[in-house]
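Novice: Dropping a structure here in structure tokens format, bear with me for questions.
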Amino acid sequence: MPDSIITIAPQSEPQPPASLIFDDWYPALRSHQLKGRKLVTTTLLGTPLVLGRMQDSTLFAMRDSCPHRGIPLSCGWFDGKVLTCKYHGWAFAPTTGQCVQIPSLTASDTLNPNRIFAGAFPCVERDGYAWVYLPSAGRGRLHADEVLPSVPEVPKFSDRFRSAHLTADLPCHVDHGIIGLMDPAHGPFVHQSWWWRSRHSIHEKTKHFEPIPEGFRMSAHAPSGNSAPYKLLGVYGEPITTTIDFVLPNRRFETIRCGPKWFASLTTVTPTSPNACRIDVAAAWNVFYAVPLITTIAKFFGARFVRQDQETMIQQAEGLKHNPSLMLIDDADRPAKWYFALKQSRLNAASGTPFNHPLKEPLTLHWRS
């Protein structure tokens, strides 16, 4: 395949919300934050949300705005069943958003409060996160019987496993966070350390890719020989294989198999606002299951790894303030090109254009890292 360069046009400030993918699930926050009658606020795709846990442990997510006069509902009161606005006492059923009471109404009023709805979104607890489904503007209120995509989760291959979670805020548009997530060439420079790899270990690599629905897969392969953590799995004496999937809108699944032993992770880069995002890593494994403090050790090194990416993205954000023209090259940046093409196809499909997958058949790429 001939070498080529793709230029990324400078992004204006702020990036229009139309560049964000709606009608999908996003991790809003860690679900352990939702306890008792506590209300927690966050922002997803520029949408202010208030989340909580019902008396029966069900999670809810509402637009943090009363439909009456716009005051944040998070300023009000939640008794485990009903969320009441602080301003005029309008009360709402959190999971549906339906108004159940307007205290100012009298017997002579004909307004039926049940016909009024605050914004409410599907919210599901999975892998320690509160996942929220955000519909596109103009779609209208979602009904309970609507069929939605499956909630993402970390792949698991045994009943006994350990798990860990990491998170970091990134001061950049989600596109930069995502293409950083799939970038294979930055590892020896951003993540160089004695326990991972160094830039002196760079060598040529050949990877095979194949299309999957709304994404692409780096087919099962032996992991990089210049990464120390993979070498540790050699103690099991089994062949080691790694498979990496990227799936729209923002998900990177990695699965490492070593006989009956396995490690799996789901990493997401979620847009919180048009020009800020958050990276979340949820991991599960049964490798070294009996090793004392293995979860603490894994989180320590994992946090350093994520922090290195975070520091790099903060530094990149300084350069991006000046709206420079950017470029993507073959072959190391080809997954990033696929991402932009996949995303545009998804956005176009929302207006009725057939989805056009940029990867038509399996393809082999080469790069040095």
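Novice: For the chain, what proportion of DSSP beta bridges, expressed in % and rounded to the nearest 5, is antiparallel?
Specialist: Values: 83 of 84 bridges.
That works out to approximately 100 percent antiparallel.
Novice: When the dipole is taken about the Cα centre of the chain, and only Lys, Arg (+1) and Asp, Glu (-1) are charged at their Cβ, what size is it in debye, to the nearest 20? The partial results should precede the final answer.
Specialist: On the way: 37 positive and 31 negative charges, 163 e Å.
Using Cβ point charges on Lys, Arg, Asp and Glu, the chain gives about 780 debye.
Novice: Residue separation times 0.36 nm, minus the C-alpha to C-alpha distance between residue 202 and residue 144: what's the value? If you can, show how the numbers build up before the last one.
Specialist: Working: separation 58, 0.36 × 58 = 20.88 nm, distance 5.23 nm.
Full extension of this stretch gives 15.7 nm more.
Novice: Right, here's the next one. Only four residue types carry charge here, +1 at the Cβ of Lys and Arg and -1 at the Cβ of Asp and Glu. Report the dipole size of the stretch 313-369 about the Cα centre in Debye, rounded to the nearest 20. It would help to have the intermediate numbers written out before the result.
Specialist: Details: 7 positive and 5 negative charges, 28 e Å.
Taking the Cα centre of the stretch 313-369 as origin, the dipole is about 140 debye.
Novice: Need one number: nm distance between label points at residue 30 and residue 303, each 7 Å from Cα along Cα→Cβ, rounded to one decimal.
Specialist: Each label point lies 7 Å from its Cα, and together they span 1.0 nm.
Novice: Please report the antiparallel percentage of DSSP beta bridges with both residues in the stretch 24-134, rounded to the nearest 5.
Specialist: 100 percent
Novice: Which whole-angstrom value gives the distance between the alpha carbon centres of the stretch 99-131 and the stretch 329-354?
Specialist: Comparing the Cα centres of the stretch 99-131 and the stretch 329-354, I get a distance of 38 Å.
Novice: Here's a follow-up. Tell me, what HN-Hα J-couplings in whole Hz come from the Karplus equation 6.51 cos²θ - 1.76 cosθ + 1.60 at θ = phi - 60° for each residue of the stretch 178-189, using x for Gly and Pro?
Specialist: 6, 5, x, 5, 9, 7, x, 8, 8, x, x, 9
Novice: Using a 10 angstrom cutoff on alpha carbons, build the Gaussian network for the chain and name the most mobile of 349, 220, 28.
Specialist: Of 349, 220, 28, the Gaussian network model singles out 349 as fluctuating most.
Novice: Order of 303-310, 291-298 by packing, highest average Cβ count within 10 Å first? List each step's numbers first, then the result.
Specialist: Working: 303-310: 16.8, 291-298: 12.5.
Highest to lowest by the protection proxy: 303-310, 291-298.
Novice: Now, a different point. Applying 1/(1 + (r/R0)^6) with R0 = 30 Å to the Cβ-Cβ distance of residue 106 and residue 58, what FRET efficiency is obtained, to the nearest 0.05? Write down the numbers at each step before the final one.
Specialist: Values: r = 34 Å, r/R0 = 1.12.
Efficiency for this residue pair is about 0.35.
Novice: If you don't mind, another one. Of 35/261; 261/299; 205/337; 38/86, which pairs sit farther than 27 Å apart, going by alpha carbon to alpha carbon?
Specialist: On the way: 35/261 34 Å; 261/299 19 Å; 205/337 19 Å; 38/86 15 Å.
From the list (35/261; 261/299; 205/337; 38/86), the Cα-Cα distance tops 27 Å for 35/261.
Novice: At a Cα cut-off below 18 Å, give the aspartates and glutamates reachable from residue 360, other chains included and same-chain residues fewer than 8 away excluded.
Specialist: 210, 214, 245, 330, 331, 333
Novice: Right, here's the next one. As a check on your grasp of the helix formula, calculate [θ] at 222 nm for the chain: sum -39500 (n - 2.57) over DSSP H runs of n ≥ 4, divide by the residue count, round to the nearest 500. Mind dumping the intermediate values first?
Specialist: Working: 5 runs with 60 residues, N = 369.
Theoretical 222 nm ellipticity from helices: -5000 deg cm²/dmol.
Novice: Right, next: Between 154, 87, 208, whose Cα lies farthest towards the positive end of the dipole of the chain when Lys and Arg beta carbons carry +1 and Asp and Glu beta carbons carry -1, centred on the Cα centre?
Specialist: Result: 87, furthest along the dipole toward the positive end.
Novice: Extension gain residue 291-residue 88, at 0.36 nm per residue separation less the Cα-Cα distance, in nm?
Specialist: Values: separation 203, 0.36 × 203 = 73.08 nm, distance 5.62 nm.
Going from the current span to full extension adds 67.5 nm.
Novice: Which of 188, 340, 364 sits farthest toward the positive end of the charge dipole of the chain, with +1 on the Cβ of Lys and Arg and -1 on the Cβ of Asp and Glu?
Specialist: Going by the Cα projections, it comes out as 188.
Rule-based calculations on the coordinates, nothing more; no lab input. Predicted model only: the values in this text are computed from it and were never measured. Glycine gets a Cβ as well: all are built from the backbone with ideal geometry, and neighbour counts include every protein chain shown.
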